[in-house]
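Structure, as structure tokens:
Just so it is clear, none of the values below were taken in a lab; they were calculated from the coordinates. From a predicted model like this one, the values you see are computed outputs, not experimental measurements. Every residue, glycine among them, receives a Cβ derived from its backbone with ideal geometry; neighbour counts consider all protein chains shown.
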Amino acid sequence: MSGRRIFARPARFAAIAPYVWMVLFFLVPFGFVLKISLSQTAIAQPPYEPVFDLTAGWTAIQAAFAALSLDNFKLLVSDDLYVFAYLRSLTVAVTATALLLLIGYPIAYGMARLPKRWQAVAMVLVIVPFWTSFLIRIYAWINILQHDGLLNRILLALHLVSRPVVWLSTDTAMYIGIVYSYLPFMILPLYATLAKMEPALEEAAADLGAPPWQVFWLVTFPLSLPGVGAGVLLCFIPIVGEFVIPDLLAGSNSLMIGQTLWLEFFTNKDWPVASAAAIVLLVVLLAPLLLYERLQRRQLEEQ
Amino acid sequence: MRKVSRLSRFNVASLALGLAFLYLPILILVIYSFNASRLVTVWGGWSLRWYYEFFDDRAMIEASWMSLRVAVASATIATLIGTLAAVALSRGERFRGRTLFSGMLYAPLVMPEVITGLSLLLLFVALNAERGFWTVTIAHTTLTMCFVAVVVQSRLGSLDRSLEEAAMDLGCAPARAFLSVTLPLIAPAIVAGWMLAFTLSLDDLVIASFTTGPGSATLPIRIYSEVRLGVKPEINAICTLVIALIAVVIVLASLASKLSSSRGESAAPL
Amino acid sequence: MARSAGDAHPAAGEPLLRIESVAKAFGTFRAVDGVSLDIKAGEFFALLGPSGCGKTTLLRMLAGFESPDEGRILLGGKDIAPALPHERPINMMFQNYALFPHLSVRDNIAFGLRRANMARADIATRVAEMVALVKLEGLEKRKPDQLSGGQRQRVALARALARRPQLLLLDEPLAALDKKLRESTQGELMELQRRLGMTFIIVTHDQEEAMTMASRIGVMKSGKLAQVGAPRELYEAPRSRWIAEFVGDINLFDAESRLRDGHRLVIGTRDAGTLVVAEPRQPLGEVKFSVAIRPEKVKLSRRGPVGEAGHEAAINRLDGVIADICYLGGTTTYRVKLDTGGMLQASVINSARLDVDAYSVDQHVVAWFTPDDCVVLPS
């Protein structure tokens with residue numbers, strides 16, 4: 001039902017402060033990223049040129065515009081280092097998201113089938129690790145996975161291996177870290193849709209002769225697709241740009257794009273290339289971002 | 001009501017394994033923070049040695065202090081602005097640029113932090129702002145207010161709109177209806193939003209690395225640079241302290257929201 | 001301040017509430033489409049209609065949550081369009097009660113009084129009075145989630161009545177209660193309304209509820225008022241076929257021909273042969289029409305009416321066999337397959353405990369009814 005005009009006007013005033021804030025600190029900065037991605041590096045402060053100086057007069061600004069170029073983007077496309085970094089980011093994100101779905105779904109499903117009272121407890125239990133620091137959780141895994149760490153000592157004690165296995169600086173360690181960090185983001189949207197589902201639907205399917213696995217595939221899973229979509233996007237998008245986990249847990253021979261960007265920025269001090277890398281990353285993620293935004297808005301409108 | 005019998009053995013197993021996976025690493029970390037041995041993985045008996053070491057480490061203490069101040073300041077600003085955003089989204093009808101508005105609020109939730117961090121840094125450089133406490137606070141506010149908005153908005157959305165109408169029907173002007181009925185009912189969500197913003201800020205490495213200046217490192221930046229050099233038992237102790245702090249904040253906040261929801265109107269200042 | 005538009009007392013003979021060709025559209029959908037209605041002080045008025053007919057939108061315009069696109073709403077002769085909900089001397093009982101979950105029963109009832117800046121002591125007195133009125137003594141400190149459905153309904157009623165509004169709006173007030181509780185609450189609401197002498201407007205989709213409680217009913221269909229009248233008028237003299245079918249059960253036979261015979265019309269139907277009906281007050285135009293007869297007006301017997309053979313012309317007599325039987329306790333509804341082809345429902349009171357009078361399926365019966373019991377309705 002619409003037509004609740006009375007509340008609309010004060011609510012519109014409420015929008016002013018957050019609107020201004022987000023335009024200033026979220027939207028406008030992208031303009032700067034775009035502008036600097038078209039500039040050249042320079043040994044100066046700030047380390048790029050041209051620098052727009054509005055006080056320098058019209059001709060100077062025109063000259064500054066003329067100095068902008070697409071060179072950085074050409075570099076990104078031609079240099080294998082960057083192309084591989086993008087490809088690796090996408091591969092890692094797809095693999096990790098699939099793993100997350102595979103591991104998260106049974107957990108969410110188990111939660112949704114708990115008695116109502118226990119569902120709330122399980123929900124808190126899943127959220128609490130999310131509150132504890134991201135960095136700390138990665139660090140906890142370094143403790144476990146290092147050369148003389150707990151995992152190797154257990155494996156040795158059980159005589160499953162004869163020599164310590166190298167876990168750190170491998171893709172396995174990275175995937176463990178990613179799954180561990182993003183698991184709540186996968187579980188919560190899945191749980192939300194599964195818990196909302198009418199139990200009578202599954203019962204009706206069983207009543208009509210479907211064995212349990214068919215009940216799951218023909219009724220439960222298709223109905224949980226909105227949750228699957230939300231969970232997948234919520235994990236996939238940030239994993240593509242992930243920096244900390246690959247940096248601490250994966251080897252340094254093949255980098256993800258987040259690491260490349262970090263390296264260009266902090267080590268090489270090449271701000272323009274870093275900006276260009278960010279712009280390309282943004283373009284790659286634009287479709288999933290828009291999809292995610294649409295999903296969120298539809299969910300809001302359902303309420 | 002669901003019946004317990006709906007729970008299959010597979011469900012129980014996946015729940016138990018999932019929770020063990022989530023909790024064991026943290027538990028191990030906490031236990032090892034009390035390890036007397038210098039070798040991180042050899043158990044040398046219980047000791048508080050690494051906690052003393054941390055309290056003697058001036059750089060770490062300074063970084064912790066910086067992180068706490070940034071977390072409190074940014075969480076507070078983010079809660080204020082994020083709640084306003086939530087109200088605008090769920091109570092305002094279509095206004096100009098509403099799609100852009102909701103897009104700007106949802107995008108940072110999933111936007112890779114390297115992009116957000118880099119773009120904010122370039123803004124601060126262009127504005128010639130001195131980098132330090134305030135730039136990190138603004139950057140964290142920008143990120144965390146979106147989380148606050150989502151948390152508060154989902155509570156507002158599930159709130160029965162006829163409650164506000166009933167308040168108006170009984171003589172409240174719209175703003176008053178919001179203050180005396182809506183606000184008390186969404187207070188738990190606002191508190192939860194603040195907590196979330198606080199912990200996210202305390203946790204953030206990437207955005208802080210971009211937006212801070214020399215000499216004002218936050219705790220995650222310090223931990224990160226230590227961890228890159230290898231595992232140090234002192235880090236276990238710091239991490240345990242951070243976990244303890246967050247646990248205290250969660251308990252306090254849930255107590256506060258329980259109190260506020262059980263308090264009658266006669267006791268409320270409004 | 002809370003009553004700036006209030007305390008307007010209608011002049012003698014003037015209605016308390018006057019709704020003048022009010023319309024409201026949501027997008028292209030006209031929810032309320034030109035409704036005009038007068039309601040006198042002290043009336044118990046029911047807005048009845050199927051879901052989506054616009055009755056709730058009309059109610060929400062009276063409360064001030066929607067503003068009309070066209071038309072005026074006058075309370076005591078004054079246009080209340082500019083007044084916001086909190087400025088109107090009108091209170092509403094919400095469909096799901098909308099009790100404030102964070103406030104106790106007492107604080108819920110006192111909520112509106114506090115907004116009117118009443119003195120503390122007066123508030124306490126008024127709350128106690130209201131609690132007693134709806135029989136909630138001893139529950140004042142409870143929170144809404146600690147109350148049963150019936151108790152919640154009473155709190156909502158007390159809260160809406162506490163400000164002594166000139167007009168009380170009730171949006172499906174009994175929809176959430178089970179049948180037994182609903183029936184006893186209907187009685188209590190009527191009693192309360194009579195005792196307080198207040199004006200009630202109730203919105204409901206349940207025609208029995210409207211008939212039981214209201215002194216006057218407005219039936220709405222697709223945003224328009226289809227008919228306004230006392231319950232008996234709606235039932236016995238419906239203005240259209242739609243209303244006849246919406247309010248209670250009815251047998252309908254499409255007319256194919258007609259012939260005037262004094263004050264009677266002789267009408268030929270396809271399904272029920274020739275029927276004699278009283279001439280309607282309004283002359284029938286050239287429109288198509290049907291003959292309608294309520295099931296309880298149809299009498300059944302094994303051999304037809306006794307001793308009235310001489311008046312055969314004045315009686316409609318139809319032969320048929322019982323097709324099925326629906327036993328409802330107090331009454332039994334028989335469906336009779338007429339020899340002329342149609343179906344006829346007859347409702348018979350079970351006045352005796354032993355079923356000596358009952359008919360069985362496939363039994364031959366004669367159904368009969370008088371011309372005055374028939375209504376002619378335009379289709």
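A few comments on the model shown:
- The peptide list B:234-240, B:140-146, C:188-194, put in order of mean Cβ contacts within 10 Å with the highest first, becomes B:140-146, B:234-240, C:188-194.
- Radius of gyration and maximum dimension Dmax of the stretch C:249-378, Cα, Å: 15.0, 50
- Within straight-line reach of C:Lys40, meaning a Cα separation under 17 Å, sit the following aspartates and glutamates at least 8 residues removed in sequence or on another chain: C:Asp7, C:Glu14, C:Glu20, C:Asp79.
- Dividing the summed helix terms, -39500 (n - 2.57) for each DSSP H run of n ≥ 4, by the number of residues in chain B produces a 222 nm estimate of -24500 deg cm²/dmol to the nearest 500.
- Spin-label model distance (nm) - C:Thr340 vs A:Lys74, 7 Å beyond Cα toward Cβ: 9.6
- Within the straight-line cut-off of under 13 Å between alpha carbons, the aspartates and glutamates reachable from C:Lys141 are B:Glu265, C:Asp107, sequence neighbours fewer than 8 places apart in one chain being disregarded.
- For the stretch B:74-140, the alpha carbon convex hull comes to 101 Å³ per residue, rounded to a whole number.
- Sequence of B:Ser90, C:Ser148, B:Ser254 once ranked by neighbouring C-beta atoms within 10 Å, starting from the fewest: C:Ser148, B:Ser254, B:Ser90
- Summing Lys and Arg as +1 and Asp and Glu as -1 over all other residues whose Cβ lies under 11 Å from the Cβ of A:Val92 gives a net charge of -1.
- Rounded to the nearest 20, the Cβ-based charge dipole of the stretch B:33-84 about its Cα centre (Lys and Arg +1, Asp and Glu -1) stands at 60 debye.
- Helix runs (DSSP H) in chain A reaching 24 Å along axis by Cα, Kyte-Doolittle at least -0.5: A:5-22, A:80-112, A:171-196, A:271-302
- Close amide H partners of C:Gln227, meaning residues 5 or more places away or on another chain with modelled amide H under 5 Å apart, are C:Val219.
- Within chain C, helix-based [θ] at 222 nm, where runs of 4 or more DSSP H residues each add -39,500 (n - 2.57), nearest 500: -6500 deg cm²/dmol
- Distances between every pair of Cα atoms in chain C, grouped in 10 Å steps from 0 to the bin holding the largest one, split as 5, 20, 24, 20, 15, 11, 4, 0 percent.
- Solution diffusion estimate, µm²/s, Stokes-Einstein, chain A, Kirkwood Rh from C-alpha pairs, 10 °C, viscosity 1.306 mPa s: 68
- Rounded Å value of the spacing that divides the Cα centres of the stretch C:60-117 and the stretch C:325-362: 49
- Derived scalar couplings ³J(HN,Hα) [the stretch C:253-264; Karplus, 6.51 cos²θ - 1.76 cosθ + 1.60; whole Hz; x for Gly, Pro]: 10, 6, 7, 10, 8, 8, 8, 7, 9, x, 8, 10
- Cβ-Cβ distance of C:Val321 and C:Glu296, R₀ of 22 Å, FRET efficiency by 1/(1 + (r/R0)^6): the value works out to about 0.60.
- Projecting the Cα atoms of C:Phe253, C:His86, C:Ser21 onto the charge dipole of the protein assembly as shown, computed from C-beta unit charges around the Cα centre, puts C:His86 farthest toward the positive end.
- The stretch C:312-373 - charge dipole about Cα centre, Lys and Arg +1 at Cβ, Asp and Glu -1, debye rounded to 20: 160
- Over the Cα atoms of the stretch B:71-262, the radius of gyration divided by the Kirkwood radius equals 1.04; this is the Rg/Rh ratio.
- Between the residues B:Leu27, B:Leu202, B:Leu118, the greatest Cα displacement towards the positive end of the dipole of chain B, with unit charges on the Cβ of Lys, Arg, Asp and Glu, is found for B:Leu27.
- Largest-first principal axis extents of the Cα set of the protein assembly as shown (Å): 119, 67, 64
- Positive end of the dipole of the protein assembly as shown (Cβ unit charges, origin at the Cα centre): among A:Leu290, C:Leu354, A:Ser181, the Cα lying farthest that way belongs to C:Leu354.
- Point-charge dipole on Cβ atoms (K/R +1, D/E -1) for the protein assembly as shown, about Cα centre, debye to 20: 1520
- Most mobile of B:Ser154, B:Ser14, B:Ser67 in a GNM of chain B (Cα contacts under 10 Å): B:Ser14
- Considering only alpha-carbon pairs that sit under 8 angstrom and 6 or more positions apart, the relative contact order computed for chain A is 26 percent.
- Rounded tilt (10° steps) of C:149-161 against the dominant C-alpha axis of chain C: 60
- Approximate spin-label separation C:Asp38-C:Ala119, in nm, with each point projected 7 Å along Cα-to-Cβ: 4.1
- Members of C:Lys78/C:Lys221; C:Lys55/C:Lys179; C:Lys299/C:Lys337; A:Lys116/C:Lys143; A:Lys196/C:Lys24 lying beyond 25 Å, as alpha-carbon distances in this model show: C:Lys78/C:Lys221; A:Lys196/C:Lys24
- Both numbers refer to the Cα atoms of the stretch B:142-198; Rg and Dmax are 12.7, 39 Å.
- Candidate membrane-span-like segments in chain B, meaning DSSP H helices with Cα atoms spread over at least 18 Å of their own axis and a Kyte-Doolittle mean of -1.0 or above, are B:9-33, B:58-91, B:98-110, B:113-126, B:133-158, B:183-203, B:233-262, with no membrane implied.
- FRET efficiency estimate (nearest 0.05) - Cβ-Cβ, B:Ile31 to C:Thr28, R0 56 angstrom: 0.25
- Cross-link reach is defined here as a Cα-Cα straight distance under 19 Å, omitting same-chain residues fewer than 8 places apart; for A:Lys35 the lysines meeting it are A:Lys74, A:Lys269.
- Neighbour-count ranking [beta-carbon atoms within 10 angstrom, fewest first] of A:Thr267, B:Thr99, A:Thr220, B:Thr83: A:Thr267, B:Thr99, A:Thr220, B:Thr83
- Here the calculated FRET efficiency for C:Asp261 and C:Arg281, from their Cβ-Cβ distance with R0 = 22 Å, stands at 0.80, rounded to the nearest 0.05.
- Counting every other Cβ atom within 10 Å of each residue's Cβ, C:Asp254, C:Asp261 order from fewest to most as C:Asp261, C:Asp254.
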